[in-house]
Every structure is written in C-alpha cells, then in structure tokens.
Amino acid sequence: MSEDTFEPKNIIVTGGCGFIGSNFVHHVVNSHPGVHVTVLDKLTYAGNPENIAGLPEDRVELVVGDICDRALLDELVPGHDAIVHYAAESHNDNSIADPEPFLRTNVEGTYALLEAARKYDVRYHHVSTDEVYGDLALDDPARFTEETPYRPSSPYSSTKASSDLLVRAWHRTFGVRATISNCSNNYGPYQHVEKFIPRQITNIIDGVRPKLYGDGLNVRDWIHTEDHSSAVWTILTRGRIGETYLIGADGEKNNITVLREILKAFGRDEDDFDWVRDRPGHDRRYAIDSTKLRRELGWEPAHTDFAEGLAETIAWYRENEAWWRPAKEATEAKYAAQGQ
Ligand code: NAD
Ligand code: DAU
C-alpha cells in the first residue's frame, strides 16, 4: 500500500454542480474537515446549484464560470493546492446529436485546466470514464485494466480519451502532478433524467412506458456514486503521480435486467416497456478490473448491494420530483426527435 499522503486544504472542483461532482463535494465536506472547496461550474443544462445547496458557506464557494476561460482560471487557481476535474459534457446521445460542445468543454477545457495546473504548480486529478477503452463482447471473459488500449466509440468517449491523453502528455512533458481515474457507470440520487436509470424511473412516475435501446442486452458495470467519490479522494491523496487507476465495483448487469428491477419496484409487469431505436455505435459491454486501486491504495466500495442502492435511488426520485421535474419535458422532447 502507498505510504505517501497528499493533504489538500483548498481544492477546486470543476463540474461540482453536476451529478458526480456534487456528490464529491458532499463527500469532502462530510468526511474531510479542514478542506475548503471552490466549485467552478458553468451551470449548463446539467448543472444545478441545488445539488450543493445547504453546505456550509465557509467550506464551499460556488464560482459560476467556464473551464475554457483562461483569464478566469488565472484569477481562480492561485492559492488552491489541487484541481479535481469533473466538468464535462457527459451524455453519449447528446454527443451524437451535436458533438461540438463536447470538443470544446472536454478537450479545450481540459487543456485550459492543465495549462493552469502547470503555470501555478497545482496538483491535478482528472475524472474520466471506462468508455475510453471501447467495448467488450458479451462472452469475453476479459475486463478493462489500466493496460487496455484506448478504442473509444462515440464522440463523447473520444473527447474523454483525448482529454486523458492530454493529461498524460502534460505530466510527462511539463511535469504536471497529475493522476487519472477511469470509472464505470454511476447511479444514485441527483443524476440527470437524460440518463438510463433516472429516465426510466421518472417515465414510470409520469405514466409513460420506459424505453429500451436495441436488444437490451448491453452490459454496464454499475457503481454507486458515493463509492466513486471515496475512490477519487483516495487517489487524490494517496495515488502515485502520473498513474491511472480504474474505479469499479463488480456491478455488471445488462440493461433489460436493470429495467425489469425498476419495473418490479413499481409493481409493474416486467414487459411493460417500449423497444426503441438503438443508439448508433452503441457499446456492447463495459467491465472494470479495479485490482490496482484496491491492492495499491486499499480502496473498497461500500455500496455493493445494487438492489438496495437502486431501491434507495427510486425512493429519492419519488420524493424529489421538484428537483427533476423542470428538466423532464425538454429531455423527452430531445429523445422524441431522435426516435428514442
Ligand atoms: P453531469 O453532466 O451530470 O455534470 C457535468 C457538470 O459539468 C455540470 O454541472 C455542468 O454544468 C458542468 N459543466 C459542463 N461544461 C462546463 C464548462 N465548460 N465549464 C464549467 N462547468 C461545466 O456529469 P456527470 O455524470 O456528473 O459526470 C461528471 C464527470 O464524471 C465527467 O467528466 C464524466 O465524463 C465522468 N464520468 C461519468 C460517469 C457517469 O456514469 N455519469 C462515469 C465515469 C466518469
Ligand atoms: O461508463 C461510464 C459512462 O456511463 C460515463 O462516462 C457517461 O458519462 C455516462 O453517461 C454513462 O454512459 P452510458 O452511455 O453507458 O449511460 P446511459 O445512462 O446513457 O445509458 C446506459 C445504457 O442504457 C446504455 O447501454 C444505453 C441504454 N439506454 C439509455 C437510455 C437513456 C436505454 O436502453 N434507454 C434509454 O432511454
């Protein structure tokens, strides 16, 4: 296990008003007293300040701005000791409809942050995805490891892969003190209703039949977002500089199984859904081998019961309609236009 510990006191969390970034902000405030968080977030359609509302003002400051804004970074970064970079355009279907914002935020935005980390000698952690590795066949016994070659499929995953490569280059060439994590599919409260699990839950609440792409056999490796947050903190504070760590919780499930679990929780028939047009280039299966993170840094997931985590997530969406309702109509209109 690694002995070196980095003790950040004043960190910037980009995308801290999004689903996973806001969970990390809560994790830091709740579990690591003495750390101040500056959230840098543009508040796109996916960012919601409600996600971090109520946190103590002396611990968390929200700066509304764009990670591509170099002048803003020059003002903001000095005085901080780390940047934890979550901000991104994060949804595959959107990247197929319009790739441009993905190139700008995911590639140019990462470049701007790396330049700031280099200029002000700030530690940098890059939050990335398992999708950079492409996909696996359903019958392939293999899982992704840190050595798996990059083979992204979608505009989203190719921009995330590009950003990872920039981080590696800025570390090797300019000595930026960087780490990278590549995580599998997150679930939990505060996830945007465009994503698979919240979309189906909120459709059922609305009396609309859930929508399943393709043959429904595509596999995702689910992890609770709180486990993602604890893993990122572990890597930020104890990970080796220049290294990549895969984050996963052994949660492989195919989409039709997850959908049927949701339908069952609502007391609905297991076939009470619509088959819709498949996603172009749809990745077949993701699967993470997180041995390096577990062995080297001693991290373990805490939320290993998917059925329990899913039930809690469903309960959260039932109780927090005011949070998701404003985004629902526009999201479904977008899907309808795509035949999904
Ligand atoms: P999200 O879409 O819920 O949130 C993204 C946040 O980034 C929003 O608050 C948005 O306002 C902000 N943002 C977007 N563009 C910005 C810009 N130019 N400047 C400043 N802020 C901007 O995304 P998420 O699902 O929480 O994902 C967060 C990160 O985790 C992403 O980097 C994503 O690639 C990665 N990731 C996500 C998953 C997953 O399952 N969702 C899995 C692995 C990795
Ligand atoms: O693997 C990590 C990635 O997980 C992250 O990098 C992305 O930011 C995150 O969005 C997620 O990507 P996916 O494309 O896997 O997630 P999504 O929730 O969009 O879809 C999950 C699966 O469900 C996928 O196989 C497509 C399918 N799907 C999705 C929707 C929205 C459906 O069958 N029906 C739907 O309505």
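The values are calculated or read from the model by the stated rules, or taken from the named source; none is laboratory data. Owing to the predicted nature of the structure, the values given are computational and were not obtained by experimental measurement. Glycine gets a Cβ as well: all are built from the backbone with ideal geometry, and neighbour counts include every protein chain shown.
Quick notes
- Where ALA302 falls short, out of the listed (1) part of a loop (DSSP other than H, G, I, E, B); (2) surrounded by 15 or more Cβ atoms within 10 Å (Cβ to Cβ); (3) among the aliphatic types (A, V, I, L, M): (2)
- Pairing each residue of the stretch 79-92 that is over 17 Å from THR237 (Cβ atoms) with any residue that is charged (D, E, K, R) and part of a loop (DSSP other than H, G, I, E, B), provided the two are 6+ apart or on different chains, yields C-beta distances under 6 Å for HIS91/GLU194.
- Count of residues meeting criterion [over 17 Å from HIS192 (Cβ atoms) and either more than 20 Å from the chain's Cα centre (by Cα) or part of a loop (DSSP other than H, G, I, E, B) (or both)] in the stretch 1-29: 10
- Residues of the stretch 210-249 classified as away from ligand 1 (no atom under 16 Å from the Cβ), under 21 Å from LEU138 (Cβ atoms) and part of a loop (DSSP other than H, G, I, E, B), total: 4
- Residues in the stretch 234-248 that are more than 17 Å from PHE19 (Cβ to Cβ) and of a type outside the set (S, T, N, Q): ILE235, LEU236, ARG238, GLY239, ARG240, ILE241, GLY242, GLU243, TYR245, LEU246, GLY248.
- Residue identified as more than 16 Å from ligand 2 (Cβ to nearest atom) and more than 17 Å from SER181 (Cα to Cα) among LEU103, LEU73, LEU113: LEU73
- Verdict on ASP74 being modelled with pLDDT of 95 or more, over 28 Å from ARG295 (Cβ atoms), in a helix (DSSP H, G or I) and over 22 Å from the mean Cα position of the chain (by Cα): yes
- Test: residue in the stretch 59-69 that is more than 11 Å from ligand 1 (Cβ to nearest atom) and closer than 24 Å to LYS334 by Cβ: no
- Residue within the stretch 169-184 that is near ligand 1 (Cβ under 10 Å from one of its atoms) and in a loop (DSSP other than H, G, I, E, B) present: yes
- Test: GLY65 is crowded, with 17+ Cβ neighbours inside 10 Å, in contact (Cβ under 8 Å) with a residue 24 or more places away in the chain and within 16 Å of ligand 2 (Cβ to nearest atom): no
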